[in-house]
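Take a look at the structure below.
The values are calculated or read from the model by the stated rules, or taken from the named source; none is laboratory data. Note that this is a predicted model, so its numbers are computed, not measured. Virtual Cβ from ideal backbone geometry, glycine too; neighbours counted across all protein chains shown. All accessible areas refer to the heavy atoms of the entire protein, side chains included, with ligands and DNA or RNA removed. Shrake-Rupley method; radii C 1.70, N 1.55, O 1.52, S 1.80 Å.
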4 protein chains.
Amino acid sequence: MKLRGPFIGVIGAGSCSARIAALACDVGREIARNHGVLVCGGLGGVMAAAAKGAKELGGYTVGILPGPNIGKANEYIDFPIATNMSHARNAIIVRTAEVLIAVGGSYGTLSEMALALKIGKGVVALQPQFSVPGVRIVPTPLEAVTEALALLDAGRQPAVFG
Amino acid sequence: MKLRGPFIGVIGAGSCSARIAALACDVGREIARNHGVLVCGGLGGVMAAAAKGAKELGGYTVGILPGPNIGKANEYIDFPIATNMSHARNAIIVRTAEVLIAVGGSYGTLSEMALALKIGKGVVALQPQFSVPGVRIVPTPLEAVTEALALLDAGRQPAVFG
Amino acid sequence: MKLRGPFIGVIGAGSCSARIAALACDVGREIARNHGVLVCGGLGGVMAAAAKGAKELGGYTVGILPGPNIGKANEYIDFPIATNMSHARNAIIVRTAEVLIAVGGSYGTLSEMALALKIGKGVVALQPQFSVPGVRIVPTPLEAVTEALALLDAGRQPAVFG
Amino acid sequence: MKLRGPFIGVIGAGSCSARIAALACDVGREIARNHGVLVCGGLGGVMAAAAKGAKELGGYTVGILPGPNIGKANEYIDFPIATNMSHARNAIIVRTAEVLIAVGGSYGTLSEMALALKIGKGVVALQPQFSVPGVRIVPTPLEAVTEALALLDAGRQPAVFG
């Protein structure tokens with residue numbers, strides 16, 4: 001039995017409005033409904049909301065943390081990874097996820113979106129703060145996950161070289 | 001429902017003898033029997049053997065890879081992490097695991113054992129190639145996992161600072 | 001005698017037009033004229049042009065490389081650092097530089113600009129490909145370095161937190 | 001004019017006895033006398049003593065720091081690199097140096113020695129705490145640097161593979 005579904009990254013700010021959190025939660029639910037594995041930064045805000053949504057539907061969640069302690073992951077993370085590399089862990093999130101969905105976001109999210117595009121990963125965005133050429137902007141969580149899966153099916157799989 | 005069990009690292013060479021592989025496989029089985037999550041480097045040799053053992057008993061496996069592509073994880077890894085950081089990923093394995101079990105090993109394993117001790121993690125070894133003060137040498141896979149769990153219970157939990 | 005001048009990062013694409021290279025070269029010269037240390041990614045394009053300019057006026061150059069081999073630095077780099085961490089080395093450039101100047105640029109540069117702003121470093125841009133709120137756009141290399149030094153003097157020194 | 005001499009790493013504990021510090025200082029002097037660039041971890045103990053020695057004879061010093069702030073380098077470091085990656089920065093020291101000299105040392109030093117041997121770099125040791133096959137133990141700072149340079153000349157240059 002193969003456990004591994006598509007690895008879908010969800011990126012966004014560590015604190016966010018209730019409206020953005022609700023979108024992130026729905027993104028997490030849709031990922032789980034499609035048997036995807038949620039990959040995120042493991043902290044609060046968008047990361048916690050998306051992981052909460054994924055767990056509500058029985059999905060698996062991976063949290064790639066900036067700090068040294070797996071105990072600092074939010075409570076919805078099944079598999080915390082303690083990088084102790086601060087923002088350099090963003091590069092690991094972007095490499096590990098096969099496609100990324102940004103929800104809202106700040107400078108950190110912009111940095112991840114740009115890095116994902118740089119290495120050839122597809123990026124879908126809900127309510128982006130910044131406009132980046134190459135990012136697919138969608139209006140709803142359902143469309144975000146549908147579009148992310150379509151990007152994967154279209155062969156925009158992980159780049160193998162930097 | 002809390003998925004997270006103790007995170008137990010298994011470290012060892014990327015290629016190994018059948019005898020060492022059999023020990024690693026039994027270590028993986030014992031980890032799964034104790035509801036632990038296996039954390040390893042995701043490649044071959046000891047890493048693949050331990051992950052195979054863990055999957056035989058339904059355990060979860062995390063593989064923290066040196067390269068850029070989750071597809072390069074061995075077939076027994078449920079959750080591959082693509083660090084693209086070569087040997088620097090060893091530091092992430094050592095941080096993420098709450099306790100470590102070395103099986104056989106080479107210079108890379110010695111490097112991980114030393115780093116684990118440096119940051120206060122317990123290290124248990126089966127058939128070590130190198131003798132390092134502070135490492136608990138045990139004769140069997142069962143004793144390795146029992147000793148690792150005992151080290152955790154004794155409060156030698158993850159160090160929070162380097 | 002204190003060797004250390006201000007550490008000024010120059011970021012931009014690994015290949016670029018002659019026009020962008022000329023701008024980068026002039027930025028490097030201005031940094032050296034102001035006794036700054038040039039910090040860059042150590043490869044070609046904007047990085048090599050800026051380092052060439054700095055060396056023409058006797059400045060020091062640091063190249064933080066994505067690969068494993070210091071021999072891959074461009075010929076104008078005095079102090080190559082071999083991270084072997086691919087794009088994660090961008091985070092090290094942004095941490096090490098006290099202020100950053102982007103020249104032209106692509107997704108990789110955008111990623112660095114966003115990360116710099118995220119951790120509180122000032123960013124000045126010449127001929128940016130992308131518009132990012134918070135980045136100071138300037139028309140000439142002289143103004144780029146003058147503005148970068150002014151940002152430093154104004155106390156926008158390196159963020160200390162992780 | 002080519003600035004770049006051989007890049008020689010000096011590794012050892014962040015605090016040490018006066019006797020070990022004196023050895024490290026002499027190692028730094030010998031490196032500078034041979035026009036080498038000293039690469040170290042940038043902090044105290046052996047790192048500061050070796051950098052002090054190198055500066056006494058006008059050598060250049062690079063400090064690859066575990067933290068986020070170049071201001072935390074010891075006062076003898078010309079070129080501090082802020083990795084903000086804790087012990088994972090050890091892998092960068094080992095990659096950047098073409099050959100390594102360990103002075104005294106603890107678990108962190110052992111980790112670096114093992115990693116260096118793993119990737120094919122020569123390692124020379126003065127007063128090692130741990131015995132590692134493959135490390136050349138020498139009695140004096142002069143012999144340490146002579147042996148390190150001989151290892152380089154013998155073609156044990158930086159490994160290129162990841």
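Which residue, C:119, C:11, C:93, tops the fluctuation ranking in a GNM of chain C built on C-alpha contacts under 10 Å? Fluctuation is largest for C:119.
By definition, a body whose alpha carbon gyration tensor gives a ≥ b ≥ c is rounded when a/c is under 1.5, and the stretch C:1-147 falls into this rounded group. Any idea what % of Cα-Cα pairs in the stretch C:30-70 are farther than 13 Å? Taking all Cα-Cα pairs of the stretch C:30-70, the fraction more than 13 Å apart is 46 percent. Within the listed set A:148, A:32, A:82, the residue fluctuating most in the Gaussian network model of chain A (springs between alpha-carbon atoms under 10 angstrom) is A:82. Computed with the Debye formula from one identical point scatterer per Cα of the stretch C:1-64, without solvent, the log10 of I(q)/I(0) at q = 0.14, 0.16, 0.22, 0.27 Å⁻¹ comes to -0.31, -0.40, -0.73, -1.06.
With a cut-off of 8 Å between alpha carbons and a minimum separation of six or more residues, what is the relative contact order of the stretch B:33-125 in percent?
Computed over the stretch B:33-125, the figure is 23 percent.
For residue D:72, a cut-off of 17 angstrom between C-alpha atoms picks up these aspartates and glutamates, skipping any fewer than 8 places away in its own chain: C:98.
When the GluC sites (Glu not before Pro) in the stretch D:5-96 are filtered for DSSP coil states and for at most 14 other beta-carbon atoms within 10 Å of their beta-carbon, the remaining sites are D:75.
Distances between copies at residue A:34, taken between label points 7 Å from Cα along the C-beta direction, are 3.9, 4.7, 5.8 nm in increasing order. Per residue, chain C reaches -11500 deg cm²/dmol at 222 nm when only DSSP H runs of four or more residues are counted, each adding -39500 (n - 2.57). Remark: mean inter-chain Cβ contacts per residue of A:46-52 equal 0, using a 10 Å Cβ-Cβ cutoff to other protein chain atoms. Take the Kirkwood radius over Cα pairs of the stretch B:44-131, plug it into Stokes-Einstein at 25 °C and 0.890 mPa s, and you get 182 µm²/s for translational diffusion.
Can you pull the mean other chain C-beta count within 10 Å for peptide A:61-70? Mind dumping the intermediate values first?
Numbers: counts 2, 5, 0, 4, 3, 2, 5, 12, 7, 9.
Per-residue shielding by partner chains comes out at 5.
Applying the Kirkwood pairwise sum to the alpha-carbon positions of the protein assembly as shown produces a hydrodynamic radius of 24.8 angstrom. Per-residue SASA remark: residue D:131, around 100 Å² accessible (1.4 Å probe; ligands, DNA and RNA not included).
Rolling a 1.4 Å probe over the protein chains gives residue A:16 an accessible area of about 50 Å². Residue of chain A with the smallest Cβ distance to the axis mapping A onto D, distance rounded to whole Å: A:85, 2.
With label points set 7 Å from Cα along Cα→Cβ, the inter-copy distances at residue B:56 are 4.1, 6.0, 6.7 nm, sorted shortest first. Across peptide B:91-102, the mean count of Cβ atoms from other chains lying within 10 Å of each residue's own Cβ comes to 5. Straight-line cross-link partners of residue B:52 among the aspartates and glutamates, defined as a Cα under 13 Å from its Cα and at least 8 positions apart when in the same chain: B:26, B:30, B:75, B:78.
The fraction of Cα-Cα pairs per 10 angstrom bin, counted from 0 for the stretch C:87-137, comes to 29, 62, 9 percent, rounded to whole percents.
Which of the DSSP-defined H helices in chain C satisfy a minimum axial length of 24 Å, computed from C-alpha atoms, and a minimum mean Kyte-Doolittle hydropathy of 1.0?
None clear 24 Å together with a mean of 1.0.
Working note: Debye formula, equal point scatterers on the alpha-carbon atoms of the stretch D:76-116, no solvent; log10 I(q)/I(0) at q = 0.14 Å⁻¹ is -0.33. Between this copy and the others, label points of residue B:146 are 5.5, 5.7, 7.7 nm apart in ascending order, each placed 7 angstrom from Cα in the Cβ direction.
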